[in-house]
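Enquirer: One structure follows; several queries about it will come next.
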Amino acid sequence: MRKIAAHYIFPISAPPVRNGILTLSDDGEVLDLSASDSTLPESEGVEFYSGALVPGFVNAHCHLELSHLKGVLPQRTGLAGFIPGLAAHRNDFTNEQALRAVALADAQLYASGTVAAGDISNSGLTFEVKSRSPIFYHTFIERFGLRREEVARSVQSAEALAAEAARLGLSASATPHAPYSTLPELYAALAQSSRWSVHNQESSDENLLFREGRGALRELFLSMGLTPIPRTGKSSIYHTLQHAGEAKRLLLVHNTFTSAADYDAAAVRCKNISWVLCPASNMYIERTLPPLQMLRSKGASIALGSDSLASNASLNLTDELKLLAAHFPDIPPDEMLRWATLGGATALGVEHIFGTFEKGKRPGVTLLSRLDLDKLKLTPETKSQSLYFRA
Ligand SMILES: [Zn+2]
């Protein structure tokens, strides 16, 4: 048994507890959470930390396999500039270099307070590292393609990767990449998968392609000798909704150009959507932030992701929180912390283990230090670290 105390504890399922004491079993199960009756609960058998304790972070969207591209691609190119850069440089590195970057990213992710993550994989490069990590990963085996003749082979290779993931004990499901990159036939072929993580409305060109059949993405695909998805007259989100079905657990990632009408259409057609936001990546690629106030006003289930090191300086969710806190100073910190914990756990279907300090869960413990303890807010200096976690 272990007792951990701090100035504040955020159980997430309830308001923050001042001078809280968290009691955990040896394997990390939450046994109790109480408030100390006196000032600081420094007593025998209690470890005291300056700052706040939160359940381990859940990063709902990352791509460990792109970690070797840190700092390689220029910023603010827009999605239609980012995609060819990614394609051009992705294979400039040896397998050993890429693997070293994966292992480092996994270690940094855990060190910065993350205990669970939704990770996009196009290959099996990351599987060994993930199978040995203290972090719980759900792997989204990602497929895309605009050539009809390649759909069957693409689905077969996803099945082979899913079998490899299962052999290593990894949780995994196949997913389409994005509406603009994935033929309806490929969406349909992946329809049986229980859980999708789809890049959604990350650029205005994506909507332009679907609504009006023009724009930079269309030009990009034509220049690559590919046939772009034909105009539908509706925004791109419908392409995904049409194939997802009502019951699928659907993670819609980015949503930078999602309107209130798009949100309403999605809520009618699919009952299990998590709106995953990656603000630092959006700033890197598009210099735009997602419509957070619209999503909040709709009562959306929000989660946070870092996206990859190809479009972000770190995979640390505290950096995402600090960016949001700087742009949206009126949003209460416990609401944002909910997105970084329970929101992600719900998105990945592991909210029975992660996301809150409720009795019986084993959510890990993350320490937030250098907070503004008077206003209970994050500051530019706030740091996070994993304190305790036994999977
Ligand atoms: Zn992504």
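What follows draws every value from the coordinates through simple rules; no lab data is involved. Please read these numbers as outputs of a predicted model, since none were measured by experiment. Because the Cβ atoms are built from the backbone with ideal geometry, glycine has one as well, and the counts that use them run over all protein chains shown.
Enquirer: Neighbour counts of other C-beta atoms within 10 Å: give me Asp372, Asp26 arranged from fewest to most.
Expert: On the way: Asp372 12, Asp26 8.
With the sparsest Cβ surroundings first, the list reads Asp26, Asp372.
Enquirer: Next question. Figure the gain on full extension for Met224 and Arg2 (residue separation times 0.36 nm, minus the Cα-Cα span) and round it to one decimal in nm.
Expert: Additional length available on full extension: 74.1 nm.
Enquirer: Moving to a separate point now. What list do you get for Lys3, Lys375, Lys271 if you sort them by fewest beta carbons within 10 Å?
Expert: Lys375, Lys271, Lys3
Enquirer: Distance in nm between label sites at Asp26 and Ala247, each 7 Å beyond Cα in the beta-carbon direction?
Expert: Calculated label separation equals 4.2 nm.
Enquirer: Using the basic label-point model (7 angstrom from Cα toward the beta carbon), what is the Ser157 to Ala103 distance in nanometres?
Expert: For Ser157 paired with Ala103, the spin-label model returns 2.6 nm.
Enquirer: Can you give the Kirkwood hydrodynamic radius of the chain from its Cα pairs, in Å with one decimal?
Expert: One decimal place: 21.4 Å for the Kirkwood radius.
Enquirer: Right, here's the next one. Taking the number of other C-beta atoms within 10 Å as the exposure measure, put Tyr187, Tyr388 in order starting with the fewest.
Expert: In order of increasing Cβ crowding within 10 Å: Tyr388, Tyr187.
Enquirer: Quick one, what does Rg over Rh come out to for region 195-323 if you take C-alpha atoms and the Kirkwood Rh?
Expert: Using only Cα positions, Rg/Rh for region 195-323 is 0.97.
Enquirer: Turning to a different aspect of this structure: Which whole-number percentage describes the relative contact order of the chain, with Cα contacts under 8 Å and a sequence gap of 6 or more?
Expert: RCO, the chain: 23 percent.
Enquirer: Between the alpha-carbon centers of region 232-299 and region 319-375, tell me the distance in whole angstrom.
Expert: 21
Enquirer: Let me ask another. So if I take the centroid of the Cα atoms in region 74-151 and the same for region 157-191, what is the distance between those two points in Å?
Expert: 14
Enquirer: Among Asn207, His177, Gly364, which residue has its Cα furthest toward the positive end of the charge dipole of the chain, with +1 on Lys/Arg Cβ and -1 on Asp/Glu Cβ?
Expert: Farthest towards the positive end: Asn207.
Enquirer: To continue, here is another question. Taking just the C-alpha trace of region 1-141, give me its Rg and Dmax in Å.
Expert: When restricted to Cα atoms, region 1-141 yields Rg and Dmax of 20.1, 60 Å.
Enquirer: Could I ask something else about it? Any idea what the dipole of the chain comes to, in debye rounded to 20, about its Cα centre with Lys/Arg Cβ at +1 and Asp/Glu Cβ at -1? If you can, show how the numbers build up before the last one.
Expert: Details: 37 positive and 40 negative charges, 136 e Å.
Rounded to the nearest 20 debye, it is 660 debye.
Enquirer: Taking a cut-off of 20 Å between Cα atoms, list the lysines near Lys375, but don't count ones fewer than 8 places away on the same chain.
Expert: Leaving aside lysines fewer than 8 places away in the same chain, those within reach of Lys375 are Lys322, Lys383.
Enquirer: For region 140-252, what is the charge dipole size about the Cα centre, in debye to the nearest 20, if Lys and Arg each add +1 at the Cβ and Asp and Glu each add -1 at the Cβ?
Expert: Magnitude of the dipole: close to 160 debye.
Enquirer: At 0.36 nm per residue, minus the direct Cα-Cα distance, what do Asn272 and Asp330 gain on full extension? Give it in nm, one decimal, please.
Expert: On the way: separation 58, 0.36 × 58 = 20.88 nm, distance 2.77 nm.
Taking Asn272 through Asp330 to full extension adds about 18.1 nm, to one decimal.
Enquirer: Additional query: Just going by the charge dipole of the chain, with Lys and Arg at +1 and Asp and Glu at -1 on Cβ, which of Ser193, Cys62, Tyr137 is farthest out on the positive end?
Expert: Most positive-ward Cα: Ser193.
Enquirer: Now, a different point. Of the options Ser297, Ala280, Phe127, report the single residue whose Cα projects farthest towards the positive end of the charge dipole of region 57-354 (beta-carbon charges: Lys, Arg +1; Asp, Glu -1).
Expert: Among Ser297, Ala280, Phe127, the one farthest towards the positive end of the dipole of region 57-354 is Ser297.
Enquirer: Using only Cα atoms, what Kirkwood radius does region 48-89 have, in angstroms?
Expert: Mean inverse Cα-Cα distance, inverted, gives 13.5 Å.
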